[in-house]
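A short reminder: the numbers here are calculations on the coordinates, not readings from a lab. No experiment lies behind these values; they were computed from the predicted model shown. Cβ: placed from backbone, ideal geometry, glycine included. Neighbour counts: every protein chain shown.
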C-alpha cells in the first residue's frame, strides 16, 4: 500500500503553523493539533539547534509532559462501541517502536501479519469494555502507512456497533479481501489473515499520518529573507489586459512595500516620465518550524488601468530611494486577437536546482513566451517554506518578467490545506462557488481560454462552473490545466472521478488540450472523445502529461497513448498562430532537443 498512496510530508498542523496560529479546536475532543503546536513552541524555547536537529521518536516521547502524552495516546481516533470488544491495531512494521502508546497502554503483539505490496502490518490487540474508546497518533515521524483498526466481539453472539466515530470522515466496513482500508485512497486489500476475516474494520485516513509529526519537523532554509526584496513573481489576479499583480518577499524589518512602474516607451525617451507608484498589501508569513527564518513579510500589489498589449518597466521597494530592485518588465495581454506563445511544465517538485537549469534554458530559447503554466506539484513539501524558497531562488530572473500561472498539485495540499500556496500567490477569485477562492480560476488571453481546475478537490463540485465557463467563452482555443491526469501514463494512478466529471464537458465544448502533471512520465494521447480515439484534434481533446523535475515514474502501455517517454524532463512551448488558426505544440528536453511535436489546425 505504501507504493500506491499519495506521498505526504507534513500534516495539517504544520500548514496551520505556516499561516499563523491555528484556530481553536472545535468539539469535545482535546486537540492533537493544538497539542502538537504547543510541543513545537516549547521545543523551540527549550532545545538548542543541535538538539532540534537530532530529535528522534524516543527523544520526543521523553520530552512530552504527562498531559501531552495522554492526549497523543488517546485522541487521534475515537468512537463508542455497544458491547465489549477485542480491538486489533494493524501497524506498519517499519515503524519499529512507534506508535509509543501501543507499549504504554498494554497492547500485545499477536504474531499475525498482513502483507500488502511492500508493506507488512503486524497485529496488536487489547480488550475494551463497551463504551468510548480513544486511540493515539500514527507516529512522531509521519512515515509508514496509517494503522488500521479491527473490532471483534468478546462474547459470541454479540454484534459490534460503532457510533460517535471521530474524525467524521472515517467509515466502517467488513474486513475481507477487496476491501478498501482507507477512506481517501482507492487501494484494495488482496487478502486478509483468516483469523481476522469478517471483523469490523474502521477505515482510516492517510492524510492524518503526519498529524503528530515531531521528528525532522524543523527545517533551515538556504535562502533566508533579507531587507532587500526577493522572490519577485508576476501573476494575474484580475484582467490580464489591464492589470498586473506583483508579489515579493522581505524580512520583517521591512513592513511596507511599493511598486514604481511606467510604460517602457516612456522610460526609453531622452526625458523619461516620472513613474507611477502603487502601494502593496503587506502580510506576515509565519513558519514556526523554520528554525533560521520563521517570519517574513509578503508584499502584493495590483497595478490597474494599464494599456493592453503594452510593455512596462517596474521595480519594487520600501519607498527609500536606495532600496529599489533593478528594473524588470512585463507586457499586458493584447486587447484583441494576436499570435502569442506560452510555456507549460509538469511537476518540478524535486531537484529544483536542476529544474532551474531547465526553466532558464526555456527562457533563453523562447524569450517571446508570454507566460508560464505549471500544472501542480511546484514543490515537494508544500507545507515547508524552505522548499518554496528554493523554487523562487531557482526561478529568479524569469517569473519577475513573465507571469506564472500555477495549478494546485497534491504536494501543495499536504495535510489538506494549501496555505503556503495561497499565501504566496495572488490569483483570480472567479472560481466555483463553494470552493476556496484561488484554488480554481479562469482567464482569457487573446483568442484563448485557460481554465485552471483543482483536481485535489471534488471534481463534481467544479463541473457546473466548468461547463458555464466553457459555454460562455467565444475563444478559438480552449485549454484546461489541472494536476491529476484524466488518462494516466502509469498503471496504478487512475483518476476516475476527474475523467467522469470533466471529460464529457471537454467533449461537449471541444477543449483542445488538457495540460496535466502528477505521473512523472511524459504522455500525449491520441485525440479522444467519449474516451475513444477520433480521427483528428478537430474532433477530440489531446491530453498531455509532462514532468519538469528530476523525479521519474515508469511509463505503462495504454491504447490511448500516441506518444510517451520516460526519464525525460521537458518543457513545452505552445505557439498560437492566427494565420490559419494553427497551434504548434513542441516538447523540449533540458538541452533544448525537440522530443515531441503536434500541429492542430482549425
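Could you compute the FRET efficiency for residue 266 and residue 338, with r as their C-beta to C-beta distance and R0 at 30 Å, rounded to 0.05?
It comes out at approximately 0.85.
With a 10 Å radius around each residue's Cβ, average the other Cβ atoms per peptide and rank 170-181, 390-401, highest first.
Numbers: 170-181: 15.9, 390-401: 20.0.
Ranking the peptides 170-181, 390-401 by packing returns 390-401, 170-181.
Quick one: of the DSSP bridges fully inside the stretch 336-601, what percent are antiparallel, nearest 5?
Of those bridges, close to 65 percent are antiparallel.
Zone of residue 82 (label point 7 Å along Cα→Cβ, backbone N under 18 Å): which residues in the stretch 138-162?
Counting backbone N atoms under 18 Å from the label point, the list is 151-162.
For the stretch 291-342 and the stretch 553-569, compute the distance between their C-alpha centroids and round to whole Å.
With the stretch 291-342 and the stretch 553-569 each reduced to a Cα centre, they are spaced 38 Å.
What angle do you read, to the nearest 10 degrees and between 0 and 90, between the alpha-carbon axis of helix 352-365 and the longest principal axis of the chain?
20 degrees
By counting other Cβ atoms within 10 Å of each Cβ, how are 384, 97 ranked from fewest to most?
97, 384
Pairs of alpha-carbon atoms within less than 8 angstrom and 6+ residues apart define the contacts here; what relative contact order does the chain have, in percent?
On the way: 1497 pairs, mean separation 71.1, N = 602.
The normalised contact order for the chain reaches 12 percent.
Helix 460-472 against the longest principal axis of the chain: what's the angle in degrees, Cα atoms only, rounded to the nearest 10?
So the inclination is approximately 10 degrees.
Tell me the label only: which of (1) 32.6; (2) 25.0; (3) 28.8 is mean projected area of the Cα convex hull in nm² as calculated from this structure?
Entry (3).
I want the antiparallel fraction of DSSP beta bridges within the chain, as a percent rounded to 5. The partial results should precede the final answer.
Working: 100 of 121 bridges.
Antiparallel: roughly 85 percent of the beta bridges in the chain.
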